[in-house]
Amino acid sequence: MAFTDPAADLRATIEAKLRADPALAALIGDRIFDRVPNKPDYPLVTIGNMQVIPESADGVDAAETAVTIHVWDQFKHADKSRKVGGAVINALHDEGLTTADSGTQSVLLESANYIRDPDGVTNHAVLTFSILTDANAL
């Protein structure tokens, strides 16, 4: 049986879900990217790495995908990056994602790490979600 890699499907669905969230839009506007632009306006969100682990069995087309979402801000207090991180969490954690090809079963926050980058001015949140998919569940 062929394996359906959910990465591209999940990335597009996550971006659409975040763009449609009014609480997040109030904090960052439309600043959701694949990577931080050269001269960014802050705060912003990037959809980062994805690790796909297939679930192998006869007749199974499932996977667990770890998705990392980053929040970036340059403000003297980390409060804004925490608020943006909270809005991302509220938009995704334990919420349904309607995907085209991957049959999303669950979306759960695995960790939220709020840090100051070594430049001393950039606040950075690293949010990791675990997403279970089953293409046969469509």
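For the range 1-119, give me every one of the helices (runs of 4 or more DSSP H) that falls completely inside it and has 2 or more residues that are in contact with a Phe, Trp or Tyr (Cβ under 7 Å, 6 or more places away or on another chain).
The helices (runs of 4 or more DSSP H) meeting that bar are 79-92.
Give the residues of the range 1-28 that are open to solvent by 30 Å² or more (accessible area, probe 1.4 Å), of a type outside the set (D, E, K, R), touching a helix residue (DSSP H, G or I) at 6+ places or on another chain (Cβ under 7 Å) and modelled with pLDDT of 95 or more, sorted by residue number.
Answer for the range 1-28, where residues must be open to solvent by 30 Å² or more (accessible area, probe 1.4 Å), of a type outside the set (D, E, K, R), touching a helix residue (DSSP H, G or I) at 6+ places or on another chain (Cβ under 7 Å) and modelled with pLDDT of 95 or more: Ala23, Leu27.
Of the numbered conditions (1) more than 15 Å from Thr128 (Cα to Cα); (2) open to solvent by 60 Å² or more (accessible area, probe 1.4 Å); (3) among the basic types (Lys, Arg), Arg31 fails exactly one; give the number of that condition.
Failed condition: (2).
Within the range 44-54, can one find any residue that is closer than 26 Å to Arg82 by Cβ, of a type in the set (Gly, Ala, Ser) and over 16 Å from the mean Cα position of the chain (by Cα)?
no
Regarding the range 84-97, can at least one residue be identified that is more than 27 Å from Thr133 (Cα to Cα), of a type in the set (A, V, I, L, M, F, W, C), open to solvent by less than 70 Å² (accessible area, probe 1.4 Å) and within 15 Å of the chain's Cα centre (by Cα)?
Checked against the condition, which is being more than 27 Å from Thr133 (Cα to Cα), of a type in the set (A, V, I, L, M, F, W, C), open to solvent by less than 70 Å² (accessible area, probe 1.4 Å) and within 15 Å of the chain's Cα centre (by Cα), the range 84-97 yields no hits at all.
The values are calculated or read from the model by the stated rules, or taken from the named source; none is laboratory data. Here the structure is a predicted model, which is why all the values come from computation and not from measurement. Neighbour counts are summed over all protein chains in view; Cβ atoms, including those assigned to glycine, are modelled from backbone coordinates with ideal geometry. In case anyone asks, the SASA skips ligands and DNA or RNA and just uses the protein heavy atoms, side chains included. Shrake-Rupley method; radii C 1.70, N 1.55, O 1.52, S 1.80 Å.
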